[in-house]
Amino acid sequence: WLTKKRLKLKRKKEREERNAANRKDPRRLTVKGKKKKRKFANPEERIKHKLERAKIKEASLVEKLKRYEVAKMQGPEVRPHEITGEERFYLKKMGQKRSNYVPIGRRGVFGGVILNMHMHWKKHETVKVICNNSKPGQVQQYAEELAKLSGGVPVNIIGDDTIVFYRGKGYVQPKVMSPIDTLSKKRAYEKSKYEQSLESVRHFIAIAEKELELYYRHVALYDDLSNRNPLSILDDSPLDSCDHHRNRLYTSCSDTEADSEDEEESDEELGELENDSPPSNKDLSETGR
């Protein structure tokens, strides 16, 4: 057990090591220069400033990734063994039933993956390669790359993340099971960090460009940046539409008044016609009496 003082010193040392590792993390890579709080005249300047810094960071990440490119070995190409349809069917069934597998994580394909495949092929004819967090279409790339590096035959692709490999006829385990033209585990992890950072930067650039496009569209529609009324983009302004609505109400009211006046005039005409009509026989008899 540790005393309280030694425990504090140990935790302090661990904290300093973590902070030092975080400072070296490539995902914390930023554009050189001190950060200054700038005031922008309009949103266009602010978005363009962000885009400029993001593109500088993208270029620096691409340069960093070039360090992790490995030169391919020169030599005769090893052709994979050809298998018949019956053999493929049998190997598919056998590969699905077996539980031995090799995982591929965020590091992708590196020397350790090929080493694990050869270790499985020592006792098994097939091995499943499970690609975790793989993008659509990336499984095919993994299958081609693993077939070149290991010399195995891809038998079947199950779903979007599993590949069944056959070791081949007359398989002999090589002396060097981890190929020279592959990355180590540490360098593969560093490369994956740079790739992750580059992907997020490119996603940010796409969003910023879309935002700038929407800003230009807003300026073209409204002309006035302070105007946020959606009715202003219509052909008629809001005042014109109100006046038009009032005119419609006024015309409808005047039409109803005119109809009522016409009805009154028609009633008066009917009354006059009744007064001017000749007396009936009943009226004449009453006047005779």
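The values are calculated or read from the model by the stated rules, or taken from the named source; none is laboratory data. Because the structure is predicted, anything quoted here is derived from the model rather than measured. For neighbour counting, all protein chains shown are included, and Cβ atoms are generated from backbone atoms with ideal geometry for every residue, glycine included.
Could you check the stretch 117-126 and list, in sequence order, the residues that are part of a helix (DSSP H, G or I) and buried (at least 19 other Cβ atoms within 10 Å of the Cβ)? Spell out the reasoning first.
Taking the stretch 117-126 first, the residues part of a helix (DSSP H, G or I) are 117-121.
Listed by number, the residues that qualify are M117, H118, H120, W121.
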Restrict the check to the stretch 207-219 and report whether at least one residue is at pLDDT below 90 and among the aliphatic types (A, V, I, L, M). yes
From V129, V139, residue being under 27 Å from K175 (Cβ atoms) and either of a type outside the set (S, T, N, Q) or in a strand (DSSP E or B) (or both): V129
Of the residues in the stretch 167-192, how many are assigned to a helix (DSSP H, G or I) and surrounded by 16 or more Cβ atoms within 10 Å (Cβ to Cβ)? 5
Examine the stretch 128-144 for a residue that is closer than 16 Å to M177 by Cβ and out of contact with any helix residue (DSSP H, G or I) (no Cβ under 7 Å at 6 or more places or on another chain), and state whether such a residue exists. no
Does any residue in the stretch 48-66 that is on the phi > 0 side of the Ramachandran plot come within less than 9 Å, Cβ to Cβ, of a residue that is of a type outside the set (G, A, S) six or more places away or on a different chain, and which pairs are these? none
Index of the failed condition, G108 passing every other in (1) surrounded by fewer than 14 Cβ atoms within 10 Å (Cβ to Cβ); (2) assigned to a loop (DSSP other than H, G, I, E, B): (1)
